[in-house]
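Below is one structure, written out as C-alpha cells, with a few remarks after it.
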Amino acid sequence: MTDRSGNDRPLGKVREKDQVCRSLSYESKAEITRFKDIFLIEERVRELVLRINALPDVCTSTSCGGHAGADEKMGQSSKGEFNVGFFIKPTTKGIRSLGVIDQAGSNIDDENIVIRVWNHSNNPNYVAFVLSGRNGVDPSLLADEIYTLGKIWIEGNWTERTFF
C-alpha cells in the first residue's frame, strides 16, 4: 500500500506521529506555536491568520500563502493555494469558533475551501485542523467573512484580542 506521500507501508500499519505530552494544555501549546512576530506570517495569509487567532479558544500553528516552486515536504502550498493549520480548545467557544471558520469557508467557496482534521500526534485530546484554499481563492475574503460571522455568533469583545 502506498500512502499519500508516496511511501510504501504494510496494509493497516499506522504511520508514525509526533509525540505530544499528555499533560500539554491548550494554553501551553498555544504559547509554543503562536506567531510571535506578525511579519513572520506570509503577507497573502496574514489577515486570515490574525482573524482566526482572534476567535476565542483557537490558535493557529502553521500557515502558507502559496509558492511558485512549492516544496510539499516542507508543507508549502502551490501558487494559487493556501493553508492554515490551527487547533481549538475543547470548549463551547472553541467549537463555536470552528463553526464560524467552517461556515465562512462554505459561504465564500464551498468547493475550493476545505477544513480537515489533522491529527498529527498520539494524543487524542489534541486535535488540529487544516484550512486549505485552492484554485485562486482569496484568503482575505475568507478573513472578512470570519470577522462578519464572528460578530454575529461570538459573544463578547473578541475582535480586539492581541497576540503579539
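Any read-out appearing in this document is the output of simple, stated calculations on the displayed coordinates, not a laboratory observation. Because the structure is predicted, anything quoted here is derived from the model rather than measured. Please note: Cβ atoms are built from the backbone with ideal geometry, for glycine as well, and neighbour counts cover all protein chains shown.
Laid out as a table, the results:
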item: Where labels lie 7 Å past Cα in the beta-carbon direction, separation of Ile115 and Glu155 in nm; result: 2.0 nm
item: Fully extended contour minus Cα-Cα distance, from Asn107 to Thr92, at 0.36 nm per residue; result: 3.2 nm
item: Per-residue Cβ neighbour rank within 10 angstrom, fewest leading, Trp118, Trp153; result: Trp153, Trp118
item: Lysine pairs meeting the criterion (Cα under 25 Å, 8 or more apart or interchain), as found in segment 26-155; result: 8
item: Kirkwood hydrodynamic radius over Cα pairs of segment 26-155, then Stokes diffusion coefficient at 25 °C and 0.890 mPa s, in µm²/s; result: 167 µm²/s
